[in-house]
Amino acid sequence: MLAKTSPKPTDVPAEPYAFELKPAECGLLIIDMQRDFLEPGGFGEMLGNDVSQLRRTIEPNRRLLAAWRAAGLLVMHTREGHRPDLSDLPPSKKIRGRSATSIGDKGPMGRILVRGEAGHDIIPELYPAPGEPVIDKPGKGAFHATDLHSILQHRGITQLVVTGVTTEVCVNTTVREANDRGYDCLVPEDCVGSYFPEFQEMGLKMIKAQGGIFGWVTTSSEILKAIG
Ligand code: TIU
């Protein structure tokens, strides 16, 4: 079998200015594309949200994931959730929202946001392939209380393409955490989604404002051109 050669560094058109993508140092990090957030009957819908706002991100993510795999580059996935005994669930998170049903309780797809339950797992369209690290995170950010930083350091990763849901919650928190740890983050706007259109817009604006205070924003088609 021929060894895969990584594409060369390429400038990807982005805002606030071009992102110099170094494929060998760049990981694709897909945030929380879980059934509980994207499918009818899950935790997201239970909170009163319209899941169709998130489902439009599935197809662009699927194309980007396929291209990233074909180029032989690093793919990682995250899942928000907790241990079955809920020992890693902060009491503040358990009671937030004053909902009759909350994290750890029985929902339509098993116990809500509990590891090992059907609703906690990643949607079939973007299911992790063998060998792709899956980061189980108890918080909104993918670095808090996980081994993500170690995994990235061991692989020589300095850049992240961050996709997934939701734009203003887990994606923004993760981009901010990554930025403070020295990673350059590129966010394709069609691959991230929010239940709220105004938060989608502002969540992306906040990343690229002030000269790219947290990172860069582009589209998946620009990234596909760069690694294709
Ligand atoms: N993954 C993620 O963003 N978790 C959330 O709880 N998001 C909401 O927008 N609620």
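Just one of (1) without any contact (Cβ under 8 Å) to a residue 60 or more places away in the chain; (2) under 14 Å from the mean Cα position of the chain (by Cα); (3) away from the ligand (no atom under 13 Å from the Cβ) fails for N172. It is (3).
Taking the conditions (1) crowded, with 23+ Cβ neighbours inside 10 Å; (2) at pLDDT 95 or above in turn, G44 satisfies each one other than (2). A count restricted to the range 69-123 and to residues that are closer than 30 Å to C26 by Cβ and loosely packed, with under 13 Cβ neighbours inside 10 Å stands at 1. Within the range 19-41, if we keep just the residues that are near the ligand (Cβ under 10 Å from one of its atoms) and within 17 Å of P133 (Cα to Cα), the residue that is surrounded by the most Cβ atoms within 10 Å (Cβ to Cβ) turns out to be I31. Can you give me the number of residues within the range 126-155 that are touching a helix residue (DSSP H, G or I) at 6+ places or on another chain (Cβ under 6 Å) and farther than 23 Å from R55 by Cβ? The total comes to 3.
Among the conditions (1) β-branched (V, I, T); (2) in contact with a Pro (Cβ under 8 Å, 6 or more places away or on another chain); (3) surrounded by fewer than 20 Cβ atoms within 10 Å (Cβ to Cβ), the only one that I58 does not satisfy is (2).
Here G131, G104, G141 are screened, and the one residue that is assigned to a loop (DSSP other than H, G, I, E, B) and in contact with a strand residue (DSSP E or B) (Cβ under 8 Å, 6 or more places away or on another chain) is G104.
Would you mind stating whether D147 is of a type in the set (D, E), open to solvent by 10 Å² or more (accessible area, probe 1.4 Å) and within 24 Å of G42 (Cβ to Cβ)? So D147 does not fit the description; no.
Every residue, every condition in (1) over 10 Å from the mean Cα position of the chain (by Cα); (2) modelled with pLDDT of 95 or more; (3) within 9 Å of the ligand (Cβ to nearest atom), yes or no:
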position	(1), (2), (3)
E132	yes, yes, no
D136	yes, yes, no
G141	no, yes, no
D147	yes, yes, no
I151	yes, yes, no
G156	yes, yes, no
V161	no, yes, no
T167	no, yes, yes
R176	yes, yes, no
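The values are calculated or read from the model by the stated rules, or taken from the named source; none is laboratory data. Note that this is a predicted model, so its numbers are computed, not measured. So basically every Cβ, Gly included, is an ideal-geometry build from the backbone, and we count neighbours across all protein chains shown. Accessible surface areas use protein heavy atoms only, side chains included; no ligands, DNA or RNA. Shrake-Rupley method; radii C 1.70, N 1.55, O 1.52, S 1.80 Å.
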